[in-house]
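Only one structure is covered here, and it is reproduced in the block below.
The values are calculated or read from the model by the stated rules, or taken from the named source; none is laboratory data. The shown structure was predicted, so the numbers you read here are calculated from the model rather than taken from an experiment. Note that we place each Cβ from the backbone using ideal geometry, even for glycine, and neighbour counts take in every protein chain shown. The accessibility values were calculated without ligands, DNA or RNA, using every heavy atom of the protein model including side chains. Shrake-Rupley method; radii C 1.70, N 1.55, O 1.52, S 1.80 Å.
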Amino acid sequence: MRLFTPLLRGGLALTLCLVLSGIAASATAVAENTLVILTWEDYMAPEVIEAFEAKYNVKVRQVYYEDDDERDLIMANTGGAGFDLLVFDELMREPYHAKGWLETFRKSDLPNLRYVRYPLKKQDLPQELQTVPYAWGSIGIIYRKDLAPRPPTSWMDLFRPVAALKGKILVINTATTAFSMALKSLGYSVNSVDETELNAAADLLRKQRPYVRAYRNPLAGEGADLFSGEVWMAMAYNGDALNLMQRNANIDFVYPMEGSGLWLDSIAVLTKSDSKDLALQFINFIHDPEINARNTKSIFFATANIGAEQRLPKSFLNNPVIYPSAKSLARFEQLERLPASTMRRVIADFVTITSQ
């Protein structure tokens with residue numbers, strides 16, 4: 001899950017702290033029988049972690065990154081040293097594997113992988129793989145229905161906001177995500193590489209800048225600015241939005257009429273892990289259908305495990321925030337990895353815009 005707490009503010013200082021803590025963990029992992037996972041915060045149910053610890057008589061330590069860009073920097077600086085498992089965007093599998101960071105293993109080695117499918121394509125896993133699907137979802141607009149001038153229906157309600165929203169908006173602090181949703185709002189593909197369309201998206205983000213309070217995910221916990229009313233509208237991952245909605249009746253969520261992008265997160269064993277067998281056991285454990293159903297209900301994101309889906313309540317499976325309707329999905333696109341040249345351009349533009 002991608003909810004953001006005040007204790008985990010971004011920046012180079014945090015990144016270096018995470019890197020150093022990961023390396024320190026690696027140095028003691030064997031002696032302490034500890035499994036170290038690099039992941040988003042609150043993306044695994046505590047009771048599931050505790051169940052694994054009890055079953056295998058080990059300790060699980062989670063190290064959190066705030067956004068995709070920070071995770072990429074951590075991996076670039078460490079190559080995965082200090083960590084055993086990584087939870088990350090499936091789009092990064094190929095470049096991470098090319099750098100030698102991801103361990104290859106066989107599907108037959110983990111019995112519970114027979115329950116796992118690529119959810120967006122409805123395909124079985126290959127016999128040899130580096131990543132296993134973990135959860136999937138989309139992106140929309142979360143808002144305070146008691147404070148926002150009107151309920152948002154379009155991405156343009158976020159990107160071309162009314163004057164009352166000045167300083168009241170949050171945008172996810174990942175360049176490709178911000179650009180993809182800006183492209184979608186303009187009627188273009190979320191995966192566009194057309195220079196004219198990218199220029200239009202950059203211009204839209206530039207003009208939105210004065211209305212943006214911060215570039216990050218919505219706050220969670222005490223002092224959450226959606227709860228306090230300091231933020232009225234935000235770009236948000238659907239599971240994070242549902243988590244906040246459960247805590248405050250004045251918070252609502254919408255998939256804009258233009259549609260959105262669909263993402264898939266996966267879990268991988270890192271090649272520099274000193275506990276590869278234990279890491280594989282964790283992946284197998286997390287995909288036990290009963291365990292996976294418990295985890296899925298906790299994180300509010302859709303699962304890739306068909307055995308777990310059979311154990312989820314109908315209220316969960318029929319929740320349109322978690323599982324958008326077929327009619328809604330017709331307007332969605334699966335997010336794809338952009339060419340390196342487009343990535344460099346998008347990141348450079350986003351850094352310039354957000355630093356203003």
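A few comments on the model shown:
- Size of charge dipole - the chain - debye, nearest 20, with Cβ of Lys, Arg +1 and Asp, Glu -1, no other charges: 740 debye
- The share of accessible area on the range 234-274 that comes from carbon and sulfur is 45 percent, using a 1.4 angstrom probe.
- Distance between the range 112-148 and the range 159-178 - C-alpha centres, whole angstrom: 25 Å
- P(r) for the range 92-132, from all Cα pairs and a bin width of 10 Å, is 27, 51, 22 %, short bins first.
- Each pair of Cα atoms in the chain enters the Kirkwood radius, and Stokes-Einstein at 10 °C and 1.306 mPa s then converts it into a translational diffusion coefficient of 76 µm²/s.
- Over 22 Å (Cα to Cα) - which of Lys168/Lys207; Lys168/Lys297; Lys145/Lys166; Lys122/Lys276 fall in this group: Lys168/Lys297; Lys122/Lys276
- Exposed loop sites are taken as trypsin sites (Lys or Arg not before Pro) in a DSSP loop (any state but H, G, I, E or B) with at most 10 other beta carbon atoms within 10 Å; the longest stretch of the chain without one runs 123-356.
- The angle separating the long axis of helix 238-247 from the principal Cα axis of greatest extent in the chain is about 80 degrees.
- Residue-normalised accessible area of the chain, given per residue in Å² at a 1.4 Å probe: 41 Å²
- Of the residues Gln334, Ala308, Pro149, the one whose Cα sits farthest towards the positive end of the charge dipole of the chain is Pro149 (charges of +1 on Lys and Arg Cβ, -1 on Asp and Glu Cβ, taken about the Cα centre).
- Between Asn173 and Arg216, Asn217, the built amide H atoms are under 5 Å apart, and every one of these is 5 or more places off in sequence or on another chain.
- In loop segments of the range 277-356 as defined by DSSP, the GluC sites (Glu not before Pro) with at most 14 further C-beta atoms inside 10 Å of their C-beta are Glu336.
- Dipole magnitude of the range 243-356, debye to nearest 20 (Cβ charges: Lys/Arg +1, Asp/Glu -1, about Cα centre): 100 debye
- Backbone amide hydrogens, once placed in the peptide plane, bring Val212 within less than 5 Å of Gly167, excluding anything fewer than 5 places away on its chain.
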